[in-house]
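Let me begin by presenting the structure, written as structure tokens, before commenting on it.
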Protein chains: 2
Amino acid sequence: MTDDLVRHRTAAARWQGVDVHAYKEEGSAPFRDVTRQVLFDDVLVGAQLRYFEVAPGGWTTLERHEHVHNVVVLRGRGRCLVGDTVHELGVHDLVDVPPLTWHQFRAADDESLGFLCLVRQDRDRPQLPGTGLTGTSRPGPAVERQLSGARRPSSPPARRRRVRTVRRNR
Amino acid sequence: MTDDLVRHRTAAARWQGVDVHAYKEEGSAPFRDVTRQVLFDDVLVGAQLRYFEVAPGGWTTLERHEHVHNVVVLRGRGRCLVGDTVHELGVHDLVDVPPLTWHQFRAADDESLGFLCLVRQDRDRPQLPGTGLTGTSRPGPAVERQLSGARRPSSPPARRRRVRTVRRNR
């Protein structure tokens, strides 16, 4: 009965019985070198606890959504954008991402960033910059700076280029 | 707006803006050397993420309840009892505690055990051994072994003695 109730860590950020998935479907959104593991997904809790690992130099999608994130850094080092502010992140730092707040996680250039992310099971899909957003619903200047620091994916998606064009014309 | 959205770790298992509380009210249940910190408690998630730290040689209350626990070990080393089985625990190990399953967490004698514990916000109160439980709802032999390994609190509560008496008479 109890054998799978404890799942030991088998290596750094690997666990018994936990599959390592792609962060998102390739091409569905801009990101670089991110994996996703679902550690807990219990209907009796109503929330999922996922583990994301961003490889050195990698970054998650810049996005926002109604549902919130509660994040605990498990390993490594990096930065996150939340709203208008970029924060340095280290082991065990905590991050709240409120509803409809632009956010992105980035690993350091020389170290990966691994974090737990708690979300409710029933949640909305992320919005991306430049997808029909107008006025104040566009990312702000800090987002632009964060984007400017991004290493470009080999074929940057049209919607990221569109954001930069909008900002440049102001 | 964003200043408290990132709460940095200030020392081992201490965070900006997170108070360290007693695990439970002293005398309300048997336990030894445990602290509690609430890292996230967001109605928009519907779940709480707490951090418990058990000092070397300490242990949480042996208890069970309808609500489940999703646990991630953050630091240290110890053991847990879940149902009938005692498991060794190390950093980043994962523990599921299903509904109405006896469980207890213990630190190693020479090292503390710190773990995240995810629960739903709306949850029932724990049951303790010997409080009106009968038949199969009593803790099993593994629980008894776990209890036998416990360092006794200076004045052990009556309900823990009662469990031991029941088991001895079988």
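What follows draws every value from the coordinates through simple rules; no lab data is involved. What you see is a predicted model, and the numbers here were worked out from it, not measured in a lab. Positions of Cβ are backbone-derived with ideal geometry, glycine not excepted, and every protein chain shown enters the neighbour counts.
Using a Förster distance of 25 angstrom, determine the FRET efficiency expected from the C-beta separation of residue A:36 and residue A:121, and round it to 0.05. Walk me through the numbers on the way to the answer.
Numbers: r = 15 Å, r/R0 = 0.61.
Using R0 = 25 Å, I get an efficiency of 0.95.
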>> I want the local charge near residue B:89. Using Cβ-Cβ distances under 12 Å, sum +1 for each Lys or Arg and -1 for each Asp or Glu among the other residues.
In response: +3
> What are the residues whose amide H is under 5 Å from the amide H of residue B:69, where those residues sit 5 or more places off or on another chain and H is modelled from the backbone?
Replying inline: B:97
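How shielded is A:56-69 by partner chains, expressed as the average number of their Cβ atoms within 10 Å of its Cβ atoms? Write out the running numbers ahead of the final one.
Values: counts 0, 0, 0, 0, 0, 0, 0, 0, 0, 0, 1, 2, 5, 3.
Mean inter-chain Cβ contacts per residue within 10 Å come to 1.
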> If the label for residue B:14 sits 7 angstrom from Cα along the Cα-to-Cβ line, what are its distances to the same label in every other copy, in nm to one decimal, shortest first?
Replying inline: 3.7
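Which whole-number percent is the relative contact order of the range A:1-65 (Cα, under 8 Å, 6+ apart)?
Numbers: 75 pairs, mean separation 16.7, N = 65.
After rounding, I find 26 percent.
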>> In whole Hz and in residue order, list the ³J(HN,Hα) couplings for the range B:7-12 that follow from phi through the Karplus curve 6.51 cos²θ - 1.76 cosθ + 1.60, θ = phi - 60°; x for Gly and Pro.
In response: 10, 6, 5, 9, 7, 4
>> Based on alpha-carbon centroids, what's the gap between the range B:42-119 and the range A:1-76 in Å, whole number please?
In response: 20
>> Tell me whether the range B:36-119 comes out rounded, prolate or oblate; compute the Cα gyration tensor, take square roots of the eigenvalues as a ≥ b ≥ c, and use a/c under 1.5 as the rounded threshold.
In response: oblate
